[in-house]
Amino acid sequence: MALKKIINGLVFQEDGSFVTKTVYICDEKIVSEEDYRNASGEETVIDAAGHYVIPGLTDIHFHGCMGSDCCDGTVEALRTIAHYELSQGITSITPATMTMPEEVLTQICCAAKDFSEQADVDAADFCGLYMEGPFINAAKKGAQNGKYIALADTAMLNRLQEVSNGMLRTVAIAPETEGALEFIRENSSCVNISIAHTTADYDTAKEAIACGASQLTHTYNAMPPFTHRAPGPIGAAADDSHCMAELICDGIHIHPVVVRTTFKIFGDDRIILISDSMRAAGLDDGQYDLGGQNVTVKGNLAVLEDGTIAGSVTNLMNCVRTAVHDMGIPLASAIKCAAVNPAKAVGIYEHYGSLTPGKYANIVILNDNLELKMVFHRASLIE
């Protein structure tokens, strides 16, 4: 049995605090001190004095990186994505599709099934897919391809779930579109339903949440604004104690004061940090594509030919750094929103999202400037 313990670090706790303590690991799982002492095997000791010890992050909504995109529909693309994400301290992922025809989504789902069956210690754990489109409103399509927008279709969802072996974790939907509320009622017990690319007013969004929707997709983007007379879907989500809100903290999509205000409205128990990155993440400026549309990347900004923001070019760990360093979000809150909350949202918190005995030893060690020092994936050190 392989034994490891991480000593002297400031360890992130499930309640959001940091405590100086030891993390005990047997084989690929975190264990209690008692179980560790009762185990036998060669021991490795990691001294994390002066460093933060946090759970590996979970990005539930991003499209690609390093030149690959989920919509490429290949195992190779998913492997490239998962390798990069792990190298950045993001140890579990549910990459997102785009608004595509069913035959393309089917290809993506087949690749997801195949990749999920391949163990790779050097790749982030592939925990499912985020289906962003085609069940959206053309008026708020953003960077989605309007040619392939479709009405909510439970039969399509079932077909995709079958070929993916149940890998669809989240489905984005515009609740004001025809058949959407019925779709939410029918499927919210099986998948995480997120309100997205929508013109819904407060009452419609509130009804969608009552039907089972439990999340807002990239809050503030591709939806009506939150105003004092028309609170829209953001107001409806804020009113419901069980509804989560995704935020892209890349410094481009949302102004820092809006990020801070959103934390005050929702609290750090109900915010999910996402990167929403596209294939240019990790690469240089240049010309790329997103969902079959041309994208120009310059610095942190990625735009379509008409100037529409086309996802981000960062990663979730960088979003955590931006939230803390540039937006005034406490580190503990940022970690909760990038590790705990996303894992809960997509139903994988039993195995991911905290440093609790029984969970996978997906662990990141950061220095006081939040720079990566070590990444462990199922207890293996990633070089």
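The numbers here are math on the coordinates, done by the rules we state, and not lab data. This structure is a prediction, so every number in the text was calculated from the model and none was measured. Heads up, the Cβs are rebuilt from the backbone with ideal geometry, glycines too, and the neighbour counts pull from every protein chain shown.
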| request: Would you pull out the residues with amide H under 5 Å of Ile60's amide H, same chain only if 5 or more places away, H placed 1.01 Å from N? | output: Thr94
| note | Expressed in Å to one decimal, the Kirkwood Rh of the stretch 106-146 from all distinct alpha-carbon pairs is 12.5 Å
| For Asp47 and Gln13 in the same chain, what is the full-extension length gain: residue separation times 0.36 nm, less their Cα-Cα distance, in nm? | 10.4 nm
| remark: Rounded to the nearest 5, the percent of DSSP beta bridges in the chain running antiparallel is 55 percent
| field | Calculated log₁₀ intensity ratio I(q)/I(0) where the Debye formula runs over C-alpha points of the chain, q = 0.08 Å⁻¹ | value | -0.38
| request: Please order Thr314, Thr154 by the number of other Cβ within 10 Å, starting at the fewest. | output: Thr154, Thr314
| said: As a footprinting exposure proxy, order Glu246, Glu76, Glu176, Glu28 by other Cβ within 10 Å, with the fewest listed first. | reply: Glu76, Glu28, Glu176, Glu246
| When only Cα pairs under 8 Å and 6 or more residues apart are kept, what is the percent relative contact order across the stretch 57-345? | 18 percent
| said: For the pairs Lys113/Lys140; Lys298/Lys344; Lys141/Lys336; Lys147/Lys344; Lys147/Lys298; Lys29/Lys373, flag any whose C-alpha to C-alpha distance is greater than 23 Å. | reply: Lys113/Lys140; Lys298/Lys344; Lys141/Lys336; Lys147/Lys344; Lys147/Lys298
| note | The farthest towards the positive end of the charge dipole of the chain, of the residues Val320, Val346, Leu381, given +1 on Cβ of Lys and Arg and -1 on Cβ of Asp and Glu, is Val320
| field | Among Asn137, Asn369, Asn318, residue whose mean-square fluctuation peaks in a GNM of the chain (springs only between Cα atoms under 10 Å) | value | Asn369
| remark: Residues whose built amide H sits under 5 Å from the amide H of Leu168, excluding neighbours closer than 5 in sequence, are Leu129
| field | Other-chain or far-sequence residues with amide H under 5 Å of Ser312's (modelled H) | value | Ser277, Met278
| field | Helix-only mean residue ellipticity at 222 nm for the chain, each DSSP H run of n ≥ 4 adding -39500 (n - 2.57), per residue, nearest 500 | value | -7500 deg cm²/dmol
| Of Lys140, Lys4, how do they rank once you tally other Cβ atoms within 10 Å and put the fewest first? | Lys140, Lys4
| field | ³J(HN,Hα), Karplus 6.51/-1.76/1.60, whole Hz, each residue of the stretch 124-138, x for Gly, Pro | value | 4, 5, 8, 10, x, 10, 10, 8, 9, x, x, 8, 10, 9, 4
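Give me the dipole magnitude in Debye, nearest 20, for the stretch 57-345 about the Cα centre, with unit charges on the beta carbon: positive for Lys and Arg, negative for Asp and Glu.
Using Cβ point charges on Lys, Arg, Asp and Glu, the stretch 57-345 gives about 700 debye.
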